[in-house]
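First comes the structure, then the notes that go with it.
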Amino acid sequence: MYRSLCSAAFSGLVALATAQSFVHQVFVLNEGYYNMNTQTQEVPVSLGSYDPAAGTYQTVATIAGQRFASDVDVADGAVYVAADGQLLKYDADSYALLDQATVPGIRKVALWNGQVLLTRGELGGLPHYFEARDAATLDLLYTLTPADGLLHSAEDVQVVGDKAYLAVGNAFDWGNLVGYLGIVDLIAQSYEQQVDLGPDGRNPERIMVAGQDLYVFCNKDFSGSAISRVATDGAFSYTANVALNSGCGASELVADKVVFSEYAVGRMARFDTGTGGVLDTLASPLFPYSLLHDALNGVLYATTTDFLTSGMLHVLTPDGTELSSTAVGVSPGRLALDVRAGTAVPERTQSGLALFPVPADEQVVVESDAVGELLTLRDASGRVLRQERLATGRHAIDLYGLAPGVYHVQLPGRTAVPVVKR
């Protein structure tokens, strides 16, 4: 039975909910398609924005003159993109290009304390493989050179506290791959140490953070994959082989499981960080090019592509069940959440609604000034599940009996708002 509760007892919860963070948009960095045979850019690099409330996607910037793109990150109302040999900065609301800097061999970016941290790598070698730039001006602040201890090119970079962790693999010197987790002291601006990941930990590409533990996805020589566990203080636990015949496949930490693309079966598999072994292969037929976990909404974003003409963004439950999908650009290789703090007022101006909690268990409370209007609850496919008129400014929607996943509530003529049941 559909239960509806309207009570002033909810007012304290509403005040708490409207102060919580929410995902404003998901940025999608599309690598496009560069034809190596003809040396032409047949599909340009582009930046897109997915609105999780409305379930819609738009291209917000076309990045001309770049053959590929390798990373995107968001902070303080700005979007930072690594594309070919450029670092580009966009406004996260207007999408206007604010600034750019030439960074040969740029690979991945991370943001810390008003700084953009960059890794670099390129065939033939570079004078340094890590640098920090001013996030406001993109001016170079400092570099870590081979003389400082960072001898090899780096791929991923993640920040925990005042330390940056680098996936050091020397991937551009084929046949001389290494496997280290590099640790940078961001206060001292020094290369503190590097942790040897062992013979199976060569070519680390992805670092995932879980509290005081780091899980590093390694691709060895692209004939297999492994996951290394290292504490943030540098204490090494293990490197465990997880797949045969694996490539650059996507990997993402969801709770205590690492979800990754398993080439041998063409599906997603899960590694259990507790046992240090592969847990299972997911039933989903998707074979993602990239993955991103949205812990605020309890969903997993995955992309697929044919690398030539099309790309898709899929919204999944943590166990891989697909909730919805939308077309994006070609080769959507990196994703970033634009998380906003504060009230739900900006969302309400478009939807007329504010919801809490997110995610929800058996009930979600709606706050709205649209008293008398018809509120509609739909599933991910758009099928109408329930409709009821708002009798007061606060209304409770019963989720009892609904399967875990993403649903949407909407007022007539307004933007839909996602409801996540866990």
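Quick notes on this one:
- Residue check, V406 of a type in the set (V, I, T), in contact with an Asp or Glu (Cβ under 9 Å, 6 or more places away or on another chain), assigned by TED's automatic domain parsing to the domain that holds V72 and not in a loop (DSSP other than H, G, I, E, B): no
- In the set G382, G372, only one residue is closer than 21 Å to N297 by Cα and without any contact (Cβ under 8 Å) to a residue 60 or more places away in the chain; that residue is G382.
- In region 84-112, the residues that are touching a residue at least 40 places away in the same chain (Cβ under 8 Å) and either closer than 11 Å to R133 by Cα or assigned to a strand (DSSP E or B) (or both): L87, K89, Y90, R107, K108, V109, A110, L111, W112
- Considering A240, A255, the condition of being over 21 Å from the mean Cα position of the chain (by Cα) and either farther than 16 Å from A171 by Cβ or modelled with pLDDT of 95 or more (or both) is satisfied by A240 alone.
- For region 54-71, a tally of residues being more than 30 Å from S351 (Cβ to Cβ), free of Cβ contacts under 8 Å to residues at least 60 places away in the same chain and either small (G, A, S) or crowded, with 19+ Cβ neighbours inside 10 Å (or both) returns 4.
- The residue pairs whose first member lies in region 290-311 and is closer than 21 Å to P418 by Cβ, whose second member is among the charged types (D, E, K, R) and assigned to a loop (DSSP other than H, G, I, E, B), and whose beta carbons are closer than 6 Å, counting only pairs six or more residues apart or on different chains, are G298/R422.
- Test: residue in region 325-335 that is within 18 Å of the chain's Cα centre (by Cα) and free of Cβ contacts under 8 Å to residues at least 60 places away in the same chain: yes
Residues are listed down the side, and each one gets a yes or a no for (1) within 27 Å of D256 (Cα to Cα); (2) of a type in the set (A, V, I, L, M); (3) at pLDDT 90 or above:
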{"position": "L308", "(1), (2), (3)": "no, yes, yes"}
{"position": "P318", "(1), (2), (3)": "yes, no, no"}
{"position": "R348", "(1), (2), (3)": "no, no, no"}
{"position": "V365", "(1), (2), (3)": "no, yes, no"}
{"position": "S381", "(1), (2), (3)": "no, no, no"}
{"position": "E388", "(1), (2), (3)": "no, no, no"}
{"position": "I397", "(1), (2), (3)": "no, yes, no"}
{"position": "H408", "(1), (2), (3)": "no, no, no"}
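- V74 fulfils the conditions (1) in contact with a Ser or Thr (Cβ under 7 Å, 6 or more places away or on another chain); (2) within 28 Å of F356 (Cβ to Cβ); (3) in contact (Cβ under 8 Å) with a residue 40 or more places away in the chain except for a single criterion, (1).
- Only one of the listed residues (L177, L141, L166) is surrounded by fewer than 22 Cβ atoms within 10 Å (Cβ to Cβ) and under 18 Å from A82 (Cβ atoms). That residue is L141.
- Among the residues of region 171-197, those identified as of a type outside the set (G, A, S) and part of a loop (DSSP other than H, G, I, E, B) are F172, D173, W174, N176, L177, V178, L186, I187, Q189, L197.
- With a requirement of 3 or more residues that are closer than 21 Å to D73 by Cα and either touching a Phe, Trp or Tyr at 6+ places or on another chain (Cβ under 7 Å) or of a type outside the set (D, E) (or both), the strands (runs of 3 or more DSSP E) lying completely within region 264-338 that satisfy it span 290-294, 299-305, 311-316.
- Where a residue in region 216-240 is in the same structural domain as N203 (by TED's automatic domain parsing) and under 17 Å from Q194 (Cβ atoms) and its partner, wherever it lies, is outside any strand (DSSP E or B) and hydrophobic (A, V, I, L, M, F, W, C), with Cβ under 6 Å and at least six apart: S228/L197; T239/L197
- All of L291, L282 fail the test of being more than 23 Å from L181 (Cα to Cα), of a type outside the set (V, I, T) and crowded, with 18+ Cβ neighbours inside 10 Å, apart from L282.
The values are calculated or read from the model by the stated rules, or taken from the named source; none is laboratory data. None of these values were measured; they are calculated from a predicted model. Cβ: placed from backbone, ideal geometry, glycine included. Neighbour counts: every protein chain shown.
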